[in-house]
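Colleague: Below is one structure. I have some questions about it.
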Amino acid sequence: MALQRDEVVRTALRVLNEEGIDGLSTRRLARELGVQSPALYWHFKNKRELLDLMAEAMLAEALPPDREPDPEHWPDWIAADARAKRNALLAYRDGARVHAGTLPTEDELPAVEAQLSALCRAGLRPRTALRLLLTVDRYIMGWVTEEQAWRQDAAQRTRPPFPDEALRDLPLLREAADVLRMADHDADFDYGLRVLVEGFRVEIAREAAEGREAAEGREGSEADEAAAGAGPDAVGDGLA
């Protein structure tokens, strides 16, 4: 039976959970599938392409491609997508490292276009809308990378991080000790996400104001050109 690409990707994700990204090699993957390494290259050209396919599969479990962004409630779906992506990456060992550096596959581009369309209907320009999506994605990647490292290293720490005695003479840090110790990853992630979204709310208002000013400027220029085109005779006739 011919090896199918989705079987390769599923097996790669299983090996990832067992060995981590550093232990994921084409040799190990071929052994798990019972084939020779060259057989894998019918399905991907190199490890980078394999990681792209793995990242796509991770997110497909959490984000169905037929989801419809809502321009009227864009902050809600941006936040919901961000939480779903974070959870999808946390579900796999080194999930954020797998996703880091990936590019959307051709199959994913229509979903990106639909999100841009919704954001543009909400008031953003295409370039700003794409920057919003990239900013949120990179926030997720950075956050999950740190969160996974923190969780994986927890078992190797010989003492709790930032014990009370270390903060005794540091009143500001002591007051914010729960944030310092990352006691609630969900709450801290949502806080940063909310700040990002609110920043883009301001950007929508700024771009809308610029658009109005540009439109008013064009109308004023057109009126001036029309008056100039009427000529002095028209002005004189009006005064006669």
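The values are calculated or read from the model by the stated rules, or taken from the named source; none is laboratory data. Keep in mind that this is a model prediction, so the values were computed, not measured. In this analysis, Cβ positions are derived from the backbone assuming ideal geometry, glycine residues included, and neighbour counts consider all displayed protein chains. These area figures cover heavy atoms from the full protein model, side chains too; ligands, DNA and RNA do not enter into them. Shrake-Rupley method; radii C 1.70, N 1.55, O 1.52, S 1.80 Å.
Colleague: Compute the separation of the alpha-carbon centres of segment 141-170 and segment 72-129 and state it in Å as a whole number.
Modeller: 29
Colleague: In debye, nearest 20, what is the charge dipole magnitude of segment 126-206 about its Cα centre with +1 on Lys and Arg Cβ and -1 on Asp and Glu Cβ, if you could check?
Modeller: Values: 12 positive and 15 negative charges, 79 e Å.
Roughly 380 debye, rounded to the nearest 20.
Colleague: In addition: Under a Cβ-only charge scheme (Lys and Arg +1, Asp and Glu -1), can you give me the dipole magnitude of the chain about the Cα centre, in debye to the nearest 20? Walk me through the numbers on the way to the answer.
Modeller: Working: 31 positive and 46 negative charges, 332 e Å.
The calculated dipole for the chain is roughly 1600 debye.
Colleague: With every protein chain kept in place and ligands, DNA and RNA left out, what is the accessible area per residue of the chain? Probe 1.4 Å, answer in Å².
Modeller: Working: 15100 Å² over 240 residues.
That works out to 63 Å² per residue.
Colleague: While we're here: Ignoring trypsin sites (Lys or Arg not before Pro) that are buried or in helix or strand per DSSP, and keeping those with at most 10 other beta carbon atoms within 10 Å, what is the longest stretch of the chain between them?
Modeller: Numbers: sites that count: LYS45, ARG157, ARG168.
Of all site-free stretches, the longest is 46-156.
Colleague: Further question: Let me know the longest stretch in the chain that avoids all chymotrypsin sites (Phe, Trp or Tyr not before Pro) found in a DSSP loop with at most 14 other C-beta atoms within 10 Å.
Modeller: Values: sites that count: TYR41, TRP42.
The longest such stretch corresponds to 43-240.
Colleague: Counting only other residues whose beta carbon sits under 14 Å from that of HIS73, what net charge do I get with K and R as +1, D and E as -1? Spell out each step's value before the answer.
Modeller: Values: positive: ARG67, ARG121, ARG201; negative: GLU68, ASP70, GLU72, ASP76, ASP81.
My count for the surroundings of HIS73 gives -2.
Colleague: I'd like the accessible area for VAL35: 1.4 Å probe, protein heavy atoms, all chains in place, Å² to the nearest 10.
Modeller: Near enough 50 Å² of accessible area.
Colleague: Within the accessible area of segment 41-137, what % is carbon and sulfur when the probe is 1.4 Å and the other protein chains stay in place?
Modeller: Values: 2870 of 5270 Å².
Summing carbon and sulfur atoms, their accessible area is 54 percent of the total for segment 41-137.
Colleague: Shape call for the chain from the C-alpha gyration tensor, a ≥ b ≥ c root eigenvalues: rounded (a/c under 1.5), prolate (a/b greater than b/c) or oblate?
Modeller: Numbers: a/c = 3.96, a/b = 1.65, b/c = 2.40.
Since a/c reaches 1.5 but b/c is at least a/b, the shape of the chain is classed as oblate.
Colleague: Could you please state, rounded to a whole Å, how far the C-alpha centre of segment 172-219 is from the C-alpha centre of segment 5-39?
Modeller: 40
Colleague: Report the extension gain between ARG127 and LEU63 in nm, rounded to one decimal, defined as 0.36 nm multiplied by the number of residues separating them, less their alpha carbon distance.
Modeller: 20.7 nm
Colleague: Show me the GluC sites (Glu not before Pro) within segment 100-188 that DSSP assigns to loop and that have at most 12 other Cβ atoms within 10 Å of their Cβ.
Modeller: Numbers: sites: GLU106, GLU108, GLU113, GLU146, GLU147, GLU165, GLU175; in loops: GLU106, GLU108.
Answer in residue order: GLU106.
Colleague: Where Lys and Arg each count +1 and Asp and Glu each count -1, what net charge lies around THR128 among other residues with Cβ under 14 Å from its Cβ?
Modeller: The answer is +3.
Colleague: Which of rounded, prolate, oblate describes segment 91-206, given a ≥ b ≥ c as roots of the alpha-carbon gyration tensor eigenvalues and a/c under 1.5 marking rounded, otherwise prolate only if a/b is larger than b/c?
Modeller: Working: a/c = 4.39, a/b = 1.72, b/c = 2.56.
It comes out oblate by the Cα gyration axes.
Colleague: Now for a different question. Run the dipole for segment 66-146 about the Cα centre, Lys and Arg Cβ at +1, Asp and Glu Cβ at -1, nothing else charged, and hand back the magnitude in debye, nearest 20. Mind showing how you got there, number by number?
Modeller: Numbers: 11 positive and 13 negative charges, 83 e Å.
In debye, rounded to 20, segment 66-146 gives about 400.
Colleague: Could I ask something else about it? With the Cα gyration tensor of segment 19-112 giving a ≥ b ≥ c as the square roots of its eigenvalues, does the rule (a/c under 1.5 for rounded; else a/b larger than b/c for prolate; else oblate) give rounded, prolate or oblate?
Modeller: Values: a/c = 3.15, a/b = 2.05, b/c = 1.54.
Since a/c reaches 1.5 and a/b is larger than b/c, the shape of segment 19-112 is classed as prolate.
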